[in-house]
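These notes are about the structure you will find just below.
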Amino acid sequence: MKIGTIFRKDILNDFNKSYLGNLILLKSIDFLLIYFLVPTLSFVLYKILPGSPFDNEFVISPTIRSQLESSWHLSQDVGDQFWNYLKSFLYFDFGYSLVRPGQMVGALIVSKLKESFLLLFMSISLAYFSGIVFAVCAVIPGLKKTEAVLDIVAKILTSLPALVLAPMMVYIFSYRLSWFPVAFLNDGISFILPIFALSLRAGAIIYRYLKSELKLVMNADYIRFGRSKGLSLRYLALHHALPISLPVILTFSPSLIIGVISGAFLVENIFAIPGVASEFVHALQSRDYPVMTALFFCFALAFYALTSLCEVLRARLDPRFLEGGK
């Protein structure tokens, strides 16, 4: 019996390792395909659209126009144009901005990353921390009134995207109460409103999903057995139910984080934050095609890398995820 159990565990471990390795390999291949398909799609769209990127934008001399077309290889054959275009993406050389003379697109994006990274990192961290803490509090017996209040607040926040939350918070806490600055990230207090505008809805979603999973786990037989041995429900929730329930968050984490990033496009513009998202909106308004293409390319790679990372992590942390491959 003991030998059979050890043999079965060895087979299961080998299967898990092979499945995880194949998953990482497939995700890496898909990532390379996206790395190729996104520039190809943008190149095809440029060719389908009539005219050139410099038509109807601003008055430029024929000499400058010829220099711009030469830098974009528009005088070459389509095949050479596509190869040069693809090669520039391979080296992350996105050329120069059309509305900022002499400004390289890559350097422009890097200069905007700090504000966006800080805002998104703190917002996502607060969403996960608050969602997990309140979900654990909701399943602990003796806090029924707290759970009812948390459920009502979570339902309200889930229905309020950043499009609604950000203007409401600016009006209430900045204009009416004057507690926080209206715009810019000049000091620590100026981060509060943008962070809460992005994290409240995400935290409410995490709370609702995790609370449902925790309630299912808390009714499991081994939890009842631990309770019969004298362990407190708080101890069982924190040390047994929570570690088993946390991998469920990885299932919807990609869409959740992408939703936070999408909300940053609006929040950065409302609070006048000079980040990557506001730069993308500015590029759309000014028709700065190199900046638009570069940011779209970077967003596509980042979104797929995030989705793949969450899937690999769940396959590594949650044995139940591997059952689908058996």
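Quick note: the coordinates plus some simple rules give every number you see, no bench work behind them. Note that the structure is predicted; figures quoted are calculated from it, not measured. Here the Cβ is made from the backbone with ideal geometry for all residues, glycine too, and neighbour counts use every protein chain on show.
Using R0 = 56 Å, the C-beta based FRET efficiency linking ASN84 and VAL133 works out to 0.60.
Kindly put ASP187, ASP80 in sequence by how many other C-beta atoms sit within 10 Å of each C-beta, fewest to most. Could you put the intermediate results ahead of the total?
Numbers: ASP187 8, ASP80 11.
By the 10 Å Cβ count, ascending: ASP187, ASP80.
Using the eigenvalues of the Cα gyration tensor, what equivalent ellipsoid semi-axes result for the stretch 138-257 when each is taken as the square root of five times the eigenvalue, whole Å, largest first? Intermediate results must be reported in sequence, preceding the final value.
Working: eigenvalues 261, 45, 34 Å².
Values for the stretch 138-257, descending: 36, 15, 13 Å.
Going through the cross-link list LYS47/LYS87; LYS145/LYS211; LYS114/LYS155, which pairs have a Cα-Cα distance over 25 Å in this structure? Pairs exceeding the cut-off: LYS114/LYS155.
Give me MET104, MET218 ranked fewest to most by other Cβ atoms within 10 Å of their Cβ, as a rough exposure proxy. Intermediate results must be reported in sequence, preceding the final value.
Details: MET104 15, MET218 19.
Ordered by Cβ neighbours within 10 Å, fewest first: MET104, MET218.
In this rough spin-label picture, where each label sits 7 Å from Cα along the Cβ direction, the THR251-LYS155 distance is 2.2 nm. Taking a Cβ cut-off of under 15 Å around PHE184, the surrounding Lys, Arg, Asp and Glu residues balance to a net charge of -1, with basic ones at +1 and acidic ones at -1. Calculated on the alpha-carbon coordinates, the convex hull of the stretch 80-174 measures out at 194 cubic angstrom per residue.
For the stretch 192-326, the Kirkwood estimate of the hydrodynamic radius, built from every pair of different alpha carbons, is 17.8 Å. Karplus-derived 3J(HN,Hα) values for the stretch 245-255, using 6.51 cos²θ - 1.76 cosθ + 1.60 with θ = phi - 60°, are 7, 4, x, 5, 4, 5, 5, 10, 4, x, 5 Hz; glycine and proline are entered as x.
Neighbour counting of Cβ atoms within 10 Å sorts the residues ARG234, ARG208, fewest neighbours leading, into ARG234, ARG208.
In order along the stretch 99-114, the phi-based Karplus estimate (6.51 cos²θ - 1.76 cosθ + 1.60, θ = phi - 60°) of 3J(HN,Hα) comes to 9, 10, x, x, 8, 6, 5, x, 5, 5, 5, 4, 5, 9, 6, 4 Hz; Gly and Pro are listed as x. A convex hull fitted around the alpha carbon atoms of the stretch 131-205 yields 104 Å³ per residue. Annotation: amide H-H contacts under 5 Å for TYR96 (H modelled 1.01 Å from N, sequence separation of 5 or more, or interchain): VAL105. Comparing the stretch 101-326 with the 2.2 N^0.38 Å rule of thumb, its C-alpha radius of gyration ratio is 1.19 (two decimals). Peptides 247-260, 190-203, 165-178, ordered by how many other C-beta atoms sit within 10 Å of their residues on average, highest first, read 190-203, 247-260, 165-178.
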